[in-house]
């Protein structure tokens, strides 16, 4: 859910894996220049993780297919184990999200908001540091020459002893990874102490990019089920009840992108924000990333479906902002993004005669792929 109104810094927030809903009557009246800067910055920040996350999802998929054990950045298993979303997962997701949202609503009604958000801050500090480290690691690795003394480390936790010893955690990293972790920890401490909007956005961008990169839809039908279900979810909880509004006012976590509309007047200490929930980025983003991988599978040296869906996202987000600004009311962004991101690529596929081929495209989850390989090997041995 995107938010058009100006809100104070102490009243942010959103719901994990969902869009934001926050409609606050603001005393501050943004200037046209401040509003344009805020909206333009939000659009740009939304596009960056989708674009680069989709590109990284292709590399991630290739690494999975090749059976590589390390990503380019050196983090073991950071890129070769994407989470594959099946049609069953997609159908259940809106129900799980609704239960989570309503559970948070009841939780904030019963318990103290201050202590809950304190726990959430620590939780998202850890997640944010890891997500930002993973995001920065490829860029940091390229900064160092090959002659850099990059030492390797291993963190190993086992259970039991002797022959019954079982690995619980086996994590390999190097000096470059430690540097990324240090930089990310500085941002994390900054966010933890100040809740500054720039630190919030750094974590939010990292979450969004990692989500688009590592959450893989197995086919286009699954994507339509997921986006369609969350379309209904978003509209119902925003327009049908006050649950999302209440949770959004109470929930403090870096799961939204914000940009101040009074930046030109107050500089970095600005506090009246326009905001966009990460769900409005990640959910369409994983569908756009799927279409990019479909483009690659066609082997036509073309990115038609990726660019058409990317353009559709821009148009949908632009329409969201237009309606939000016109009616001065928070809007469920998926109401506009879902029809655009599904409709335009489908129309292009229909015109090119590739609609059937698009729906036949399938990505096999790693577990099923391993089972198929094992069964084929056993069949060969039997023969």
Failed condition for residue 124, given (1) surrounded by 11 or more Cβ atoms within 10 Å (Cβ to Cβ); (2) touching a residue at least 12 places away in the same chain (Cβ under 8 Å); (3) farther than 28 Å from residue 237 by Cα: (3)
query: Can you name the helices (runs of 4 or more DSSP H) wholly within the range 161-275 that have at least 1 residues being in contact with a helix residue (DSSP H, G or I) (Cβ under 7 Å, 6 or more places away or on another chain) and closer than 25 Å to residue 29 by Cα?
result: 197-214, 243-250, 263-266
- prompt: Yes or no: residue 46 surrounded by 16 or more Cβ atoms within 10 Å (Cβ to Cβ) and either at pLDDT 70 or above or outside any loop (DSSP other than H, G, I, E, B) (or both)?
  reply: yes
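Among the listed residues 367, 379, 362, 373, which satisfies the condition of being in contact with a strand residue (DSSP E or B) (Cβ under 6 Å, 6 or more places away or on another chain), loosely packed, with under 15 Cβ neighbours inside 10 Å, farther than 30 Å from residue 253 by Cα and at pLDDT below 95? Please lay out each step first, then the result.
Numbers: 367 fails: in contact with a strand residue (DSSP E or B) (Cβ under 6 Å, 6 or more places away or on another chain); 379 fails: in contact with a strand residue (DSSP E or B) (Cβ under 6 Å, 6 or more places away or on another chain); 373 fails: in contact with a strand residue (DSSP E or B) (Cβ under 6 Å, 6 or more places away or on another chain).
362 is the lone residue from the list that is in contact with a strand residue (DSSP E or B) (Cβ under 6 Å, 6 or more places away or on another chain), loosely packed, with under 15 Cβ neighbours inside 10 Å, farther than 30 Å from residue 253 by Cα and at pLDDT below 95.
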query: Which one of 126, 122, 140 is more than 22 Å from residue 254 (Cα to Cα) and at pLDDT 80 or above?
result: 140
message: Whether any residue in the range 136-148 is in contact with a helix residue (DSSP H, G or I) (Cβ under 9 Å, 6 or more places away or on another chain), on the phi < 0 side of the Ramachandran plot and not in a helix (DSSP H, G or I) is what I want to check.
response: yes
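Is it the case, given these coordinates, that residue 309 is surrounded by 24 or more Cβ atoms within 10 Å (Cβ to Cβ), modelled with pLDDT of 90 or more and not in a strand (DSSP E or B)?
Details: surrounded by 24 or more Cβ atoms within 10 Å (Cβ to Cβ): yes; modelled with pLDDT of 90 or more: yes; not in a strand (DSSP E or B): yes.
Taking the combined requirement at face value, the residue satisfies it.
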field: Test result for residue 186, surrounded by fewer than 23 Cβ atoms within 10 Å (Cβ to Cβ), without any contact (Cβ under 8 Å) to a residue 12 or more places away in the chain and within 30 Å of residue 114 (Cβ to Cβ)
entry: yes
- request: Run residue 118 past the list (1) loosely packed, with under 11 Cβ neighbours inside 10 Å; (2) without any contact (Cβ under 8 Å) to a residue 24 or more places away in the chain and report the number of the one that doesn't hold.
  value: (1)
- prompt: Taking residue 113 and the conditions (1) touching a helix residue (DSSP H, G or I) at 6+ places or on another chain (Cβ under 6 Å); (2) buried (at least 21 other Cβ atoms within 10 Å of the Cβ), which numbered condition does it fall short on, given that it satisfies the others?
  reply: (2)
statement: The one condition residue 37 fails out of (1) over 30 Å from residue 154 (Cα atoms); (2) at pLDDT below 90 is (2)
message: under 11 Å from the mean Cα position of the chain (by Cα) and buried (at least 19 other Cβ atoms within 10 Å of the Cβ): is that true of residue 238 in this structure?
response: no
query: Do you know which residues across the range 208-235 are farther than 18 Å from residue 94 by Cβ and surrounded by fewer than 22 Cβ atoms within 10 Å (Cβ to Cβ)?
result: 210, 214, 219
message: Going residue by residue through the range 276-298, is there one that turns out to be in contact with a strand residue (DSSP E or B) (Cβ under 8 Å, 6 or more places away or on another chain) and in a strand (DSSP E or B)?
response: yes
- request: Could you please let me know if residue 315 is part of a helix (DSSP H, G or I), in contact with a helix residue (DSSP H, G or I) (Cβ under 7 Å, 6 or more places away or on another chain) and either over 30 Å from residue 237 (Cβ atoms) or free of Cβ contacts under 8 Å to residues at least 40 places away in the same chain (or both)?
  value: yes
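Give 282, 238 a once-over and let me know the one that is under 30 Å from residue 115 (Cα atoms) and at pLDDT 95 or above.
Among 282, 238, only 282 is under 30 Å from residue 115 (Cα atoms) and at pLDDT 95 or above.
The values are calculated or read from the model by the stated rules, or taken from the named source; none is laboratory data. Everything quoted here is computed from the prediction, not taken from an experiment. In this analysis, Cβ positions are derived from the backbone assuming ideal geometry, glycine residues included, and neighbour counts consider all displayed protein chains.
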